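This report refers to the structure that appears directly beneath it.
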Protein chains: 4
Amino acid sequence: MIVILKKNPDEKQLNNLMAWLENLNLSIHPTEGQMHTILGLVGDTSAVDIDLLRALDIVEDVKRVQEPYKSANRKFHEEDTVIPVGNTQIGGDVFSVIAGPCSIESEEQVCQIAKAVKASGATMLRGGAFKPRTSPYAFQGLRGHGLELLLEAKRQTGLPVVTEIMDLSQLKLFDKVDVIQVGARNMQNFELLKELGHTGKPILIKRGLANTLQELLMSAEYVMAGGNENVILCERGIRTFETATRNTLDLSAVPMLKKMTHLPIIIDPSHATGISWMVKPMAMAAAACGADGLMIEVHNDPKRALCDGAQSLTPEAFDDVMQAVNAILPHAYKMPKGM
Amino acid sequence: MIVILKKNPDEKQLNNLMAWLENLNLSIHPTEGQMHTILGLVGDTSAVDIDLLRALDIVEDVKRVQEPYKSANRKFHEEDTVIPVGNTQIGGDVFSVIAGPCSIESEEQVCQIAKAVKASGATMLRGGAFKPRTSPYAFQGLRGHGLELLLEAKRQTGLPVVTEIMDLSQLKLFDKVDVIQVGARNMQNFELLKELGHTGKPILIKRGLANTLQELLMSAEYVMAGGNENVILCERGIRTFETATRNTLDLSAVPMLKKMTHLPIIIDPSHATGISWMVKPMAMAAAACGADGLMIEVHNDPKRALCDGAQSLTPEAFDDVMQAVNAILPHAYKMPKGM
Amino acid sequence: MIVILKKNPDEKQLNNLMAWLENLNLSIHPTEGQMHTILGLVGDTSAVDIDLLRALDIVEDVKRVQEPYKSANRKFHEEDTVIPVGNTQIGGDVFSVIAGPCSIESEEQVCQIAKAVKASGATMLRGGAFKPRTSPYAFQGLRGHGLELLLEAKRQTGLPVVTEIMDLSQLKLFDKVDVIQVGARNMQNFELLKELGHTGKPILIKRGLANTLQELLMSAEYVMAGGNENVILCERGIRTFETATRNTLDLSAVPMLKKMTHLPIIIDPSHATGISWMVKPMAMAAAACGADGLMIEVHNDPKRALCDGAQSLTPEAFDDVMQAVNAILPHAYKMPKGM
Amino acid sequence: MIVILKKNPDEKQLNNLMAWLENLNLSIHPTEGQMHTILGLVGDTSAVDIDLLRALDIVEDVKRVQEPYKSANRKFHEEDTVIPVGNTQIGGDVFSVIAGPCSIESEEQVCQIAKAVKASGATMLRGGAFKPRTSPYAFQGLRGHGLELLLEAKRQTGLPVVTEIMDLSQLKLFDKVDVIQVGARNMQNFELLKELGHTGKPILIKRGLANTLQELLMSAEYVMAGGNENVILCERGIRTFETATRNTLDLSAVPMLKKMTHLPIIIDPSHATGISWMVKPMAMAAAACGADGLMIEVHNDPKRALCDGAQSLTPEAFDDVMQAVNAILPHAYKMPKGM
């Protein structure tokens, strides 16, 4: 960590600062510049709050050299994390495809979709029981009953299931769920993350619409700090000024996260674009640049398409996506070791 | 609501669509254009999910004419909402100043600050007990004990108190809190909002870092739909590409929200800028353009400034801000009726 | 175009509006809603300034149904545009790879790089002579002399050349340049675009850092409206809050632009990420989702790497990228006809 | 400037780097950390290209301590710059109000507006002759003839005039123009900025829609590096995800720029919001937080309002804004010396 002091700092305040820093077991290496004196801090700075230092009258600016995340940091854990889930895994040599309906509507619907996506090569089933909706007047999901239907589809197909938790009070219902999803709007629901850190379950965290990759890793760190190292990261589009797509899918997050962390990275092209025909090209691009998997919305009943989102694929369209992605996979990017 | 159809839509699908819309008690007014047919929908469209319509093969685009929020909409509730809080109010003729420490640290600290800000003219006391921190390794607040200290400061000064809830499980502790704050990161924690809609307490909702004004009103709508109309909106900076300030304070939100809604609007210049000396000019600007109040961080002990945020003011600096704001207030913007 | 009127519009103003619209040869189809009256306008609305309509007292909002671009619009020109350039082409069945140094430094440098990238399969040579630099104190390019060196490299290799124009006064020097590039910062330099519309040369327009895809097409429209239909679009990253990469590469622009327009689309992963090792995965992703080509920075002298940008590849690294991209290309996304 | 080296850097490359830095007359102060070695560079680093350093294999990151702008930097020029313009000035004790039509349409129009805004207290007249329009099919301004009409209005009223240049080739027509405006889309048209640095005229530079404050100052630096120190900065809204207003007016730019630079700062609420009724509250807020002036669009003929922008005020509405702003001004924020 580097502390840049203002010109001619008050000596008493400077001594206070030096004493405080030494108390934190940091050693201090000053450099006198023309305009500024710079203090290089050596030691474990991960607990130093950068904003607090900036508050000092004598401090011009503070810059971090080390990343504030530890457990998630590739520098301290070179090997890719592989997370076993039921009969499959996330990360490593498996390309995970998590497919299923946006909302669980009925046993018939979710089981039919589950069978279809399994036949096309999906490795896991997704389905929403608790639905975060912008409007209080919109359908909020089948909730507890939805979870039961999802587990029934798991029984019928053997596919492990991923579904979203919206509040801690729902956690007791997630016992047989294989992967618990934390939605983009809850990415910084720190109480929820902390509690999920005390479960042993794989946790899939979606990047918030306006969150940096570092913040995503800090949210992973909340779960990992509680002792649960089974964290999966998911990029699902960020908010920009562009309006032609719902969000802007940030695929450069894939190689950048691979460098920053050892955790697996999943791409959700359905939510990112909000447009069903764009799922295929963006899924192909995600596979090409080295993602560990995809999360894709699939609906089953074209006649009832009115009740499915603009971003969902039919099982036939999903099968087409799978074939296209499978053709890309043997040629996909692999990050070299030790980058 | 306007539905723009693709060129030469499939007739069967069009009939299905028409039947579905009529089922929703909407009447349909088509206009034939050169490239497109447009359907004007008349009736209550607030429950129609715009994404679902867009999903249809025959639909090119859908555009909303009516706002999706009702209870919060100025069009249906012309008069400003005034929310009584203890011996004061938010909205109407009172300019609310909610001041206090970022984190509650001790009884002495919070009571001393409370007395100081009251003397300078603050109408309410703020203080954080449950603290949302990006890093799991940072101080997370005194939690339940912090709330007790805040209530002690309320007893000593008579100032009503505002403090943040982070999870539903904490709600039982907020019984004597005057205003419950929902933080920016929880703006779309819909389960929390729903439950707060069943309390009678004033709820102050902070705008999320990447949320539109319409989404802020939809979050207000969640609380109001539960029967609690005491909602206060707070702008605290949005995330942009600019890095000189922590966030970008969107002051045009003040008049724009005044037009969209009857709910009171508070500005938080401390979090928006993240820089203590900028609080004064931005507080003055907020007062000038018609905000209903301010939320300002104040710390008390310059010698311990290391443990306060870069954005906090000393009581003396806060007093200076109050004088400057009070000089602006008689000349502040008032939105004309019926705009 | 749809005009949404305010409740109870002033009759005289409404009559004025109706007369004005009819003067523009638009026919008007009103729909009476509960809160609003809607006017559907049928006819050629591309010349109607949407802001002007919104200015009217009686107008609540205006929404476009037709796109404001015509020449660039896929709806009026279904076939992909293919632009012949020297012995190659951009668009159609050829995947263009435009490679070369950020700045032209010497004959030896540019010719050596040109030979190297040609050997690896580049179809065109790029090189900067006029350099837009944020700082007036940074190297501004060899300018006219740089162009001469670039043309010498063209003579030696036969590769057509692409280079950036920064001001109209430079145009006379671009006679033998094959493709003229308009940089991101000049994307809305309308005087420049207009004049380039009167040349017959292929014009490659880079998307501005904060410009929408529709605005990019409007800039293409400026060139095309002057009679020059040889426009190539280039996505090179947009500005967002993310700081881990220089910009955010918006790959969803590839399929979305393919739907909006018939013009070819090139991706520049070097500028988008600003990080050399990220060029490979992002180039692969761009190829996978259907881009018509790539623009990549290559430098030649590892010992002088200090004078090359953080985003440049060595010829060896470029060769590796080419092999990886070539492996992807046979499996790349092709937009179905008539989408 | 601080260079953060990777762990265990290659010794030969490190020696090359050290030699190169010393060649630039920088002295080097290393600090050995646990994970990284840090080099503190002392000397004039304004000409060092930070991207070039980052390109080195052995470099992890580079952080600037000193700002890259010099002439515009408040640290080297403590006093506010005051720019005399005709019978008035920009900066210092004068609050400048630059008002007039978006587009100059006729002598009658511009002269009538000029007289009206002068009567209400405007200090300068604005009017567009060369108009940057997104669409090639929209009105592009009266161009040279428009300038003549603007100068006629200057003769009739004595008001100094501000108008936009779009291309260097127009410069010869700007001889009698008092202040030359560089529009937001040309903020990084470096050839134009360089040439304007060789005129003696005051140059008003509008911040680009996606440009940081530091980049705005670098553009000012381009003009100042040419010897022209008469630069005025103008904030006119930045592009964010919010769609309720056209852009997001960044008023925190006012105090932040005051700290960074000695140049005067003008706010344009008309373009920022794009909504005429919002001009008043945002003008008041701009005055309150210490702006040096305003730029406001005014049209004159309510009957022809169809041809004026949604953001223009009538002369009566402008007069109302002036009164409101004048009431704020005596209480406005003044940045303390030496901040």
Self-check item: Taking N as its residue count, the alpha carbon Rg of the range A:1-106 over 2.2 N^0.38 Å
Solution: 1.74
Quiz item: Compactness ratio of chain C: Cα Rg over 2.2 N^0.38 Å, N = residue count?
Solution: 1.14
Quiz item: For the protein assembly as shown, what does the alpha-carbon gyration tensor say about shape, rounded, prolate or oblate, given a ≥ b ≥ c as the root eigenvalues, a/c under 1.5 as rounded, and a/b over b/c as prolate?
Solution: rounded
Practice problem: Give the Cα extents of the range B:159-267 along the principal axes, in whole Å, largest first. | Solution: 40, 29, 27
Self-check item: DSSP bridge pairs, chain A: antiparallel proportion in percent, nearest 5
Solution: 45 percent
Practice problem: Considering Cα pairs under 8 angstrom that are at least six residues apart, work out the relative contact order of chain B and quote it in whole percent. | Solution: 15 percent
Quiz item: Could you name the lysines in cross-link range of B:Lys6, using Cα to Cα under 16 Å and dropping any fewer than eight places away on the same chain?
Solution: B:Lys63, C:Lys75, C:Lys259, C:Lys337
Exercise. Return an integer: the convex hull volume of the alpha-carbon atoms of the range A:197-243, in Å³ per residue.
Key: 59 Å³
Quiz prompt | Tensor-based shape of the range D:45-150 (alpha-carbon gyration tensor, a/c under 1.5 rounded, otherwise prolate or oblate) | solution = oblate
Quiz item: Using the alpha-carbon centroid of each, what span in Å lies between the range B:41-67 and the range D:227-252?
Solution: 34 Å
Exercise. Enumerate the whole-percent occupancy of each 10 Å bin, from 0 to the last occupied one, for all C-alpha pair distances of the range C:51-110.
Key: 15, 21, 22, 17, 16, 7, 1
Exercise. Assuming R0 = 35 Å, can you tell me the calculated FRET efficiency for the pair B:Glu32 and A:Asp320, based on Cβ-Cβ distance, to the nearest 0.05?
Key: 0.50
Practice problem: Mind putting a number on the dipole of the range A:74-331 about its Cα centre? Charges go on the C-beta only, +1 for Lys and Arg and -1 for Asp and Glu, and I need it in Debye to the nearest 20. | Solution: 300 debye
Quiz item: What are the principal axis extents of the Cα atoms in the range D:229-339, in Å, biggest first?
Solution: 51, 33, 28
Quiz prompt | Of the GluC sites (Glu not before Pro) in the range C:59-102, those whose Cβ has at most 11 other Cβ within 10 Å and which sit in DSSP loop | solution = C:Glu78, C:Glu79
Quiz item: Quick one: if the Förster radius is 22 Å, what FRET efficiency do C:Thr88 and C:Glu152 give, using the C-beta to C-beta distance and rounding to 0.05?
Solution: 0.70
Practice problem: With a/c under 1.5 counting as rounded, go ahead and sort the range C:137-199 into rounded, prolate or oblate using the C-alpha gyration tensor (a ≥ b ≥ c being the square roots of the eigenvalues; past the cut-off, prolate if a/b is larger than b/c, else oblate). | Solution: oblate
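With a cut-off of 8 Å between alpha carbons and a minimum separation of six or more residues, what is the relative contact order of the range B:2-63 in percent?
Result for the range B:2-63 is 46 percent.
Determine by what factor the alpha-carbon radius of gyration of the range B:2-63 differs from 2.2 N^0.38 Å, reporting the quotient.
In units of the 2.2 N^0.38 Å rule of thumb, it is 1.01.
Readers should treat all values here as calculations from the given coordinates under stated rules, not as data from a laboratory. The structure displayed is predicted, hence computed values, not measured ones. So basically every Cβ, Gly included, is an ideal-geometry build from the backbone, and we count neighbours across all protein chains shown.
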